[in-house]
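K.L.:
The structure's right below; bear with me while I get my questions together.
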Amino acid sequence: MSPIWLISMVAIISMLAPFTIDTYLPSFPAIEADLGVSRAWLTQSLSIYLGFFAFATLFWGPLSDRFGRRKVVLLSLSGYLLASLLCALAQDYHWLLIGRALQGVMAAGSVVASRAMIRDYFRGHEAQKAISLVMMLFTLAPAIAPIIGGWLEVHLGWRAVFYFLAIYALLVWGLFGWKVTETLAPEAVQSIHPRSLLTAYWQSLAHPVFLPLVLLQGLLIGGFFVYVAASASVIFDHLQLQEQDFWVLFLPMVSGILLGSWLSHRVAHRFTAAKLIQFALFASFLAVISNVTLQAWHWQQPFWVIAPLLLYAFGFALANPGLSILGLDCLPTRRGMAASLQSLVQMGMAGLVAAMLVPLVQDSLFLMASAQALMLFSAVILWLFVITRKQFKRLQEDAA
């Protein structure tokens, strides 16, 4: 198996999450009218997906450590296809919610297992470069997902969005099954006995570095997700744009992710993960300070609303590969479990933001900026006062 094929397939599988999140956002008004549901309730379909995704990682990760990454990816993609068809055929809001929940459960398996494959295959700074390449390719999804969704909504209706997701899963299933081989070494297979799993989860959470790392990742993605989950309100209510205008918000944010991922890939061999994360947090700090200041002055034209989000996305993308690899290296014999806990915290934080925070702040761009700033400040405090250079040095020596 070629490394390029593995990186490409992991990126394509990773695209499943943003496609599932972003493609149906332009259809919110149509779904609300067709199923007779309010904006607030429809937004909960996003948090339902994220919540079930987060908790499903707890069993997909150990399953991939026991039965292999490839089997888990193929099984979860098959289930995702069926869940997408259920959403497309839903005749009321409750069936849509069930379909979204199942999409979350099934998408989690392929994302968690494929992420562990990268660390199985690559070593040292090559793993960070590979993750950066995955993110560079992955950024295509948030850029084009709302554009595809808007086009499908205008020309074919909102149900076509979920048929599109089903077709995507089928194509990925075929490509993955054809080109990707197993990466889990036979000697690395782990037990899934309940006592063994509970012991392993306890050891993971008790690790002095792992939990702070995943919490830091969760806070960064939570700040980013304030604007993803509230994108319908930003586009329709604050910027007064239309279904096919979601690119105005997503394209700049995706450009920031692409730039951050590219820089991480280019300099991974020259700077430690700690140095890159420090710089990334500084860039994100400047972004949230600018955002809060601009919205306090009511500068609510599209450029001033979106420009700080590009810088925040750059910082998030620059930090994420290093945080991911260091987290996986905390648990070298249980990378599937490590990947599952990373996904649990990240998607769980995104789900909490969508379910509990966004309904409180989506009516005000200043409150949205303040919420993002609060999460970033918490991440900076966690970095400065909990995660130490000595711990990072030990991790990087182990990884090398």
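K.L.:
For the chain, which whole-number percentage of the solvent-accessible area (1.4 Å probe, protein heavy atoms only) is attributable to carbon and sulfur atoms?
P.N.:
Details: 11240 of 16000 Å².
Carbon with sulfur: 70 percent of the solvent-accessible area.
K.L.:
Another question about this same structure. Over the chain, what is the mean sequence separation of C-alpha contacts under 8 Å (at least six apart), divided by residue count, expressed as relative contact order in percent? Before the final figure, lay out the partial values.
P.N.:
On the way: 669 pairs, mean separation 108.4, N = 400.
Once normalised by length, the contact order is 27 percent.
K.L.:
Further question on the same structure: Hand me the trypsin sites (Lys or Arg not before Pro) from region 265-362 located in a DSSP loop with no more than 14 other Cβ atoms within 10 Å, in residue order please. Each step should come with its number before you reach the end.
P.N.:
Values: sites: ARG266, ARG270, LYS275, ARG334, ARG335; in loops: ARG270, ARG334.
Here the trypsin sites (Lys or Arg not before Pro) that fit, given the DSSP loop and packing criteria, are ARG270.
K.L.:
Per-residue counts of other Cβ atoms within 10 Å, averaged by peptide: what ranking do you get for 378-384, 17-23, highest first? Present the calculation step by step, with values, prior to reporting the outcome.
P.N.:
Working: 378-384: 16.7, 17-23: 24.7.
The densest-packed peptide leads the list: 17-23, 378-384.
K.L.:
Taking the highest mean first, how do the peptides 202-214, 55-67, 77-89 order by number of other beta carbon atoms within 10 angstrom per residue?
P.N.:
On the way: 202-214: 17.0, 55-67: 23.0, 77-89: 20.2.
Ranked by mean Cβ neighbours within 10 Å, highest first: 55-67, 77-89, 202-214.
K.L.:
Same structure again: Provide LYS71, LYS129 ordered by accessible surface of protein heavy atoms (probe 1.4 Å), highest first. Each step should come with its number before you reach the end.
P.N.:
On the way: LYS71 140, LYS129 50 Å².
Heavy-atom accessible area, descending, gives LYS71, LYS129.
K.L.:
Same structure again: Quick one: grab the alpha carbon gyration tensor of the chain, order the square roots of its eigenvalues as a ≥ b ≥ c, and give me rounded if a/c is under 1.5, else prolate or oblate depending on whether a/b is larger than b/c.
P.N.:
Details: a/c = 1.71, a/b = 1.17, b/c = 1.45.
Oblate, since a/c reaches 1.5 and b/c is not below a/b.
K.L.:
Could I ask something else about it? With every protein chain kept in place and ligands, DNA and RNA left out, what is the accessible area per residue of the chain? Probe 1.4 Å, answer in Å².
P.N.:
Numbers: 16000 Å² over 400 residues.
Per residue, the chain has an accessible area of 40 Å².
K.L.:
Further, regarding this structure: For region 317-332 and region 168-232, what is the separation of their C-alpha centers, rounded to whole Å?
P.N.:
11 Å
K.L.:
Just report the Cα centroid separation between region 78-109 and region 31-49, whole Å.
P.N.:
So the two Cα centres are separated by 14 Å.
K.L.:
Next up: Sorted by accessible area with a 1.4 angstrom probe, largest first, how do PHE377, PHE53 fall? Before the final figure, lay out each step's value.
P.N.:
Details: PHE377 75, PHE53 5 Å².
These residues rank, largest area first, as PHE377, PHE53.
K.L.:
What whole-number volume per residue, in cubic angstrom, does the convex hull of the C-alpha atoms of region 47-131 give? List each step's numbers first, then the result.
P.N.:
Values: hull volume 7.7 nm³, N = 85.
Looking at region 47-131, the number lands at 90 Å³ per residue.
The values are calculated or read from the model by the stated rules, or taken from the named source; none is laboratory data. Just so you know, these numbers come straight off a predicted model, no measurement behind them. Here the Cβ is made from the backbone with ideal geometry for all residues, glycine too, and neighbour counts use every protein chain on show. Accessible surface areas use protein heavy atoms only, side chains included; no ligands, DNA or RNA. Shrake-Rupley method; radii C 1.70, N 1.55, O 1.52, S 1.80 Å.
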